[in-house]
1. Hey, what D do you get for the range 50-406 in µm²/s if you plug the Kirkwood alpha-carbon radius into Stokes-Einstein at 20 °C and 1.002 mPa s?
2. Taking 0.36 nm per residue of separation and subtracting the Cα-Cα distance, what length does fully extending residue 117 through residue 358 add?
3. Quick one: length gained pulling residue 710 to residue 336 fully straight, 0.36 nm per residue minus the C-alpha distance?
4. How much FRET efficiency would the formula 1/(1 + (r/R0)^6) give for residue 147 and residue 226, where r is the Cβ-Cβ distance and R0 is 35 Å, rounded to 0.05?
5. Which whole-angstrom value gives the distance between the alpha carbon centres of the range 731-755 and the range 611-657?
6. Pairs of Cα atoms under 8 Å, at least six residues apart: use those to get the relative contact order of the chain, whole percent.
7. Determine, for each peptide in 712-722, 267-277, the mean count of other beta carbons within 10 angstrom over its residues, then list the peptides with the highest first.
8. Running Debye on the range 154-210 with equal point scatterers at the Cα sites and no solvent, what base-10 log of I(q)/I(0) appears at q = 0.15, 0.18, 0.22 Å⁻¹?
């Protein structure tokens, strides 16, 4: 299976887990600062984008119309509202017990046919601390019985079928197929769980963390004492197992040890379809099984195709909709005879609410979670996908043409990297996969991404302090981490500059080969817009060519020269995935003055006074990081309107300020840890307000200081009810009190004092 951006998401969300872990560590300075009144009067709203991320699966209730849940790899769990045509986030700080950021990686979801208020969700961030949450009120509140498993909602094999399944005849019977610990079952609705003996049903491919891929109940096999007798289980590296006595014993009915299952569905009349991805010399295959034919029939629409993802009409097992790897032109098929014959489908994309995907190259590769027939709306098919959710009501119309409607209002799953709100301008964001957006109206969806149409991650933004309409952006194709850097499918560099505050953009010069020198990382621009400095991350060929030194351009990015004074390698800027890292900044008043922080030798602070061409280490001792985690979370930001004023956060090392360009530093007392911060318009006096995602007085949250870190106001411990990881916190230079918070998989919120 092609899995673009999978590891990217794993790294990003684990940053959030690291923040949570760091919160348990004692800070170097535990003195509590003077705290202002709690900021409970703040209101929080999405900075609307709409979609993003990857909706990896979707479950529709079998009998209750329009009750649909979507699971996301880094964004949590959402529920559809047909009346408002909107999705609602269900994982909130006030509804989940002992909330942890890893909850937002949802591996599977299941509903109960006999109780439409009941829903289960398997959540976890690739650690043994994953859990299955249970809700009896459609996701408003949740319980946790304390059982733990290895669950990984954001990595390979997270798309396709559901690992959780509720017995359609008995809501107290729930099965969970795990990646590394075999098959588990509860008979009391989730209060207690027990493992099905591995001697009866193996764990499968546990080394690859695939394991038991799917559990499917087959009501056509009968029911006894309100328990479904026939159950199918798909095990990676082993094959298909079946029980005909409600799980008392299990038999392998079909062996498949080479190929990995990619999807599995069952119809109401007991016909089972299983898709497998190609492996070695074995082609991918889509097989049809029945209780009497466990050898299976190959009904693959395309020989040698990719990993099959598909939907089966629950009311008519002959009706199938299939894609191989991803929906795109020439790779979507339907059958009305159980796969005996296939029709190739054409499709259009429509955007009733959120339109920005129309300005991207997404159509060329609609990365697919699965395809799901709606059991209560004949002919309706749902399509959870890499930028949101699509829906069609004409997949089985009179022609082979169909329309997918983008129904992603309410989903905000972008992984965020950066945001600026320059004086006199509009907010501009940088996000994974789709560059970023200019937000002309914070309450409206943007109409297109910035820069271009290609798949590319915006990792850094900056504006010129004296010419704030001059904006620069770094955006790089994250797939370069996994393939030869000159691969023909790797997109051209997408980094660019704008002279109109992000409305229009002009690409920097360069070819695919330039990725080896200038890839990801951070960017800054001189206060007078005379020079741009780009501090790239370590490229994929770092061992052969650790080229991550600053690069300087004095012609709007058309040519670049490597700076001197900085030795490349680890400690400067280590990896593109670390979305909160900000190693570089330009002074926002003094032309040609730039700042750079490295984590080598316990922390180094460098300065350039010639537009970034040469760098020297500042005279004094640089801020340090007690836990050496500033290489992931450390940030440097110059103070707007204050020449020579620069601040730095070093994660467990706290928050620091300098008024002399980095020669001397003062640590903000009581800020025990800080992983993201920024400045906004002053709320009192003439110094910009400081906003930070920090631990102060033992509490993590969004904090604001109006007096240069002498006192702090807690604006929100869980902004907007989210408790996921945070990459971005910064203010708005035009609206006093407004703060933006960017998450590791839930887009942005903006907060401001209530009217």
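1. After rounding, the answer is 107 µm²/s.
2. Numbers: separation 241, 0.36 × 241 = 86.76 nm, distance 3.58 nm.
Taking residue 117 through residue 358 to full extension adds about 83.2 nm, to one decimal.
3. Numbers: separation 374, 0.36 × 374 = 134.64 nm, distance 7.01 nm.
Computed gain between residue 710 and residue 336 is 127.6 nm.
4. In this case the efficiency is close to 0.90.
5. If you average the Cα positions of each part, the centres end up 23 Å apart.
6. 12 percent
7. 267-277, 712-722
8. Debye curve over Cα of the range 154-210, log10 I(q)/I(0) at q = 0.15, 0.18, 0.22 Å⁻¹: -0.47, -0.66, -0.91.
Values in this text are rule-based calculations from the coordinates and carry no lab data. All of these numbers come straight from a predicted model, not from anything done at the bench. Cβ sites come from the backbone with ideal geometry, for glycine too, and all protein chains shown count toward neighbours.
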